[in-house]
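K.L.:
Supplied in structure tokens, the structure appears directly below.
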Amino acid sequence: MAHRVTLIPGDGIGPEVSAAVVRIIGAAGVAIEWDEHHAGVTAVEQSGSTLPQTLLDSVLANRVALKGPVTTPVGEGFTSVNVGLRKTLDLYANLRPVSNLPGVPSRYQDVDMVIVRENTEDLYSGMENEIVPGVVAGLKIITAVASERIARFAFRHAVENGRKKVTAIHKANIMKQADGLFLRSARAVAPEFPGIEYDEKIVDNACMQLVMRPGQFDVLLLPNLYGDIVSDLAAGLVGGLGVVPGANLGEKAAVFEAVHGSAPDIAGQDKANPTALLLSGLMMLRHMGERSAADVIFGALSRVLAAGTTLTRDLGGSASTTAFTDAVVREIHAHRG
């Protein structure tokens with residue numbers, strides 16, 4: 001029986017990398033009925049809404065979605081589609097595994113960590129107010145309910161995936177109430193998981209430690225803003241946002257997405273690297289129980305990257321999106337017999 005999955009191609013390079021991933025997953029023999037919907041700029045042009053109700057209904061009905069990058073205007077225009085989708089569907093956990101890939105140049109080797117980011121509150125609550133002209137206040141919202149929920153998610157993920165340690169990242173030395181609450185919530189949950197080591201680091205020290213000795217980290221637990229920043233920093237340790245996946249998980253649905261931008265400057269030029277969205281797609285396949293297919297695709301991707309002859313421009317090669325996709329598909333067919 002075919003899986004039914006909502007596909008949100010996105011804009012910019014989104015449709016190109018989405019098409020590549022759909023093709024690669026199909027080559028691995030996974031039967032998926034793709035239910036395509038649009039968000040952001042494309043959706044506004046079609047329906048007048050950045051997050052049409054039909055899209056939200058599709059994700060809730062299918063419970064799984066694959067999403068390409070969507071442009072977020074800076075300093076003006078509509079609010080972030082990514083944030084809106086996470087808050088509307090209560091996708092409270094942002095999960096980003098960060099590890100080295102064969103053939104991808106990076107400053108470090110043997111990096112293997114997971115970023116767990118609370119996804120629904122903090123400064124991303126969007127509660128801003130201009131008190132008087134030239135003075136704007138933004139509210140940092142931290143709740144015990146959300147903090148304990150994400151802490152429990154991080155510890156459960158550690159247990160279920162053979163991880164050894166959870167590190168809570170905070171700034172409670174300065175924000176004693178808001179970050180203090182996040183920290184107290186993590187401390188309250190930690191004893192429920194006696195097999196997992198627990199420690200804490202102030203966010204600025206954690207950033208320094210990440211670029212000095214990344215191997216000391218295993219699972220990092222962060223509130224929303226720090227999680228956004230640190231997850232991008234961690235991606236830089238292994239080659240950048242183009243080679244790391246992302247997932248947004250909740251009780252009612254899961255949305256798997258590329259964490260990089262929409263790169264409108266190269267849209268339509270067949271230059272984009274689909275690796276990040278493909279790795280997100282592999283997280284999706286494992287979430288749906290298609291682990292063997294995910295392993296086959298990851299093996300094919302690893303061999304193409306390690307060979308180094310069909311790399312996209314961002315990885316130091318000259319291959320097109322199509323050529324890179326063709327190479328992965330050939331490897332899948334070769335090893336499926």
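K.L.:
For residue 61 paired with residue 2, estimate the spin-label separation in nm (one decimal), with each label point 7 Å from Cα along the Cα-to-Cβ line.
P.N.:
Rounded to a tenth, the inter-label distance reads 1.4 nm.
K.L.:
Can you tell me the relative contact order of the range 211-337? Whole percent, Cα pairs under 8 Å, sequence separation 6 or more. Let's see the in-between values first.
P.N.:
Numbers: 130 pairs, mean separation 22.6, N = 127.
Rounded, it is 18 percent for the range 211-337.
K.L.:
Could you compute the net charge surrounding residue 172? Neighbours are other residues with a C-beta less than 13 Å from the C-beta of residue 172; K and R count +1, D and E count -1.
P.N.:
Details: positive: 140, 171, 176, 184, 187, 201; negative: 179, 200, 204.
That sum, taken over residues with Cβ under 13 Å, equals +3.
K.L.:
Here's a follow-up. Based on Cβ point charges of +1 for Lys and Arg and -1 for Asp and Glu, what charge dipole magnitude is obtained for the chain about its Cα centre, in debye rounded to the nearest 20?
P.N.:
Numbers: 30 positive and 36 negative charges, 174 e Å.
Approximately 840 debye in magnitude.
K.L.:
Does the range 244-337 come out rounded, prolate or oblate by the C-alpha gyration tensor, with a ≥ b ≥ c the root eigenvalues, rounded set by a/c under 1.5 and, if not, prolate when a/b is larger than b/c and oblate if not? Write down the numbers at each step before the final one.
P.N.:
Values: a/c = 2.56, a/b = 1.18, b/c = 2.17.
Verdict is oblate for the range 244-337.
K.L.:
Going by the alpha-carbon gyration tensor, a ≥ b ≥ c the square roots of its eigenvalues, is the range 32-147 rounded (a/c under 1.5) or, if a/c is not under 1.5, prolate (a/b greater than b/c) versus oblate?
P.N.:
Details: a/c = 1.66, a/b = 1.13, b/c = 1.47.
Taking the square roots of the gyration eigenvalues as a ≥ b ≥ c, the range 32-147 is oblate.
K.L.:
Near the amide H of residue 271, under 5 Å away, which other amide H atoms are found, from residues 5 or more places off or on another chain, if H is placed in the peptide plane?
P.N.:
Close amide H contacts, sequence-distant or interchain: 321.
K.L.:
At 4 °C and a viscosity of 1.567 mPa s, what translational diffusion coefficient does Stokes-Einstein give for the chain, taking Rh as the Kirkwood radius over Cα pairs? Give it in µm²/s as a whole number. Show your work: numbers first, answer last.
P.N.:
Working: Rh = 20.6 Å.
In µm²/s, the coefficient is 63.
K.L.:
Could you please report the charge total around residue 124, scoring K, R as +1 and D, E as -1 over all other residues with beta-carbon less than 14 angstrom from its beta-carbon?
P.N.:
Details: positive: 86, 87, 117, 140; negative: 90, 118, 121, 122, 128, 228.
With Lys, Arg at +1 and Asp, Glu at -1, the neighbours total -2.
K.L.:
Using +1 at the Cβ of each Lys and Arg and -1 at the Cβ of each Asp and Glu in the chain, identify which of 3, 211, 261 lies farthest towards the dipole's positive end.
P.N.:
211
K.L.:
If you don't mind, another one. Of 69, 48, 29, which is farthest towards the positive pole of the range 1-82's charge dipole, taken about the Cα centre with +1 and -1 on the beta-carbons of Lys, Arg and Asp, Glu respectively?
P.N.:
Of the options given, the answer is 29.
K.L.:
Relative contact order for the chain using alpha-carbon pairs under 8 Å, separation at least 6, rounded to a whole percent?
P.N.:
Details: 693 pairs, mean separation 77.0, N = 337.
This gives 23 percent for the chain.
K.L.:
Sorted by accessible area (1.4 Å probe), largest first, how do 70, 159 line up? List each step's numbers first, then the result.
P.N.:
Numbers: 70 10, 159 85 Å².
Per-residue accessible area, sorted high to low, gives 159, 70.
K.L.:
Skip the ligands, DNA and RNA, and give the accessible area per residue of the chain with a 1.4 Å probe, whole Å².
P.N.:
43
K.L.:
Stick to Cα atoms and the Kirkwood definition of Rh, then tell me Rg/Rh for the range 107-150.
P.N.:
Numbers: Rg = 16.5 Å, Rh = 13.3 Å.
We get a ratio of 1.24 for the range 107-150.
K.L.:
From the cross-link list 164/271; 176/252; 87/171; 87/176; 201/271; 165/252, which pairs have alpha carbons spaced over 31 Å apart?
P.N.:
On the way: 164/271 39 Å; 176/252 33 Å; 87/171 24 Å; 87/176 25 Å; 201/271 39 Å; 165/252 28 Å.
Over 31 Å apart, Cα to Cα: 164/271; 176/252; 201/271.
K.L.:
Suppose every K and R has +1 on its Cβ and every D and E has -1 on its Cβ; what is the size of the dipole of the range 217-337 about the Cα centre, in Debye to the nearest 20? Before the final figure, lay out the partial values.
P.N.:
Working: 8 positive and 12 negative charges, 72 e Å.
Dipole magnitude for the range 217-337 comes out near 340 debye.
K.L.:
Tell me, which longest segment in the chain has none of the trypsin sites (Lys or Arg not before Pro) that fall in DSSP loops with at most 12 further Cβ atoms within 10 Å? Kindly include the intermediate steps, with their values, before the conclusion.
P.N.:
Working: sites that count: 107, 164, 176, 252.
Counting only loop sites that pass the neighbour cut-off, the longest clear stretch is 1-106.
K.L.:
Now for a different question. Let me know the shape class of the range 170-238, please: from the alpha-carbon gyration tensor, a ≥ b ≥ c as square roots of the eigenvalues, rounded when a/c is under 1.5, otherwise prolate if a/b is greater than b/c, or oblate.
P.N.:
In terms of gyration-tensor shape, oblate.
K.L.:
With the contact rule set at Cα under 8 Å and sequence spacing of 6 or more, what percent relative contact order holds for the range 82-150? The partial results should precede the final answer.
P.N.:
Details: 86 pairs, mean separation 20.0, N = 69.
In percent, rounded to a whole number, it is 29.
The values are calculated or read from the model by the stated rules, or taken from the named source; none is laboratory data. Not measured: the values here are computed from a predicted model. Note that we place each Cβ from the backbone using ideal geometry, even for glycine, and neighbour counts take in every protein chain shown. Only protein heavy atoms, including side chains, enter the accessible area calculation; ligands, DNA and RNA are left aside. Shrake-Rupley method; radii C 1.70, N 1.55, O 1.52, S 1.80 Å.
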